[in-house]
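What follows is one structure encoded as structure tokens, with my remarks underneath.
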Amino acid sequence: MELGYFQKDVLIEKLAKKFYAIQGYVVPESYRMQSATHPAERACVAMALFAVEEFELINYSSSGDEDDDEYETDCLFPE
């Protein structure tokens, strides 16, 4: 599943706010984390961007071959 531009934007905002909340901070729902200038807020946006990019890479690589899961299982649990 490929995320659309707006889906990606919403997901980045949601993740950044969640990462910020984990650190004990609260921001208004209407606050735009991607426009932040504070280093801690910018770090949360960077983490969110990284998480979304990793998700897309994993999703993209797993959509190509269904046998990948079987191969990984075999490698983890050799007989």
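Per residue, the solvent-accessible area of segment 1-54 (1.4 Å probe, heavy atoms of protein chains only, all protein chains present) comes to 72 Å².
Legend: calculated FRET efficiency, LEU11 to ALA43, from the Cβ-Cβ distance at R0 = 25 Å, rounded to 0.05, equals 0.90.
The values are calculated or read from the model by the stated rules, or taken from the named source; none is laboratory data. From a predicted model like this one, the values you see are computed outputs, not experimental measurements. Using ideal geometry, Cβ is built from the backbone for each residue, glycine included, and neighbour counts are taken over all protein chains shown. With ligands, DNA and RNA removed, areas are computed over all heavy atoms of the protein, side chains included. Shrake-Rupley method; radii C 1.70, N 1.55, O 1.52, S 1.80 Å.
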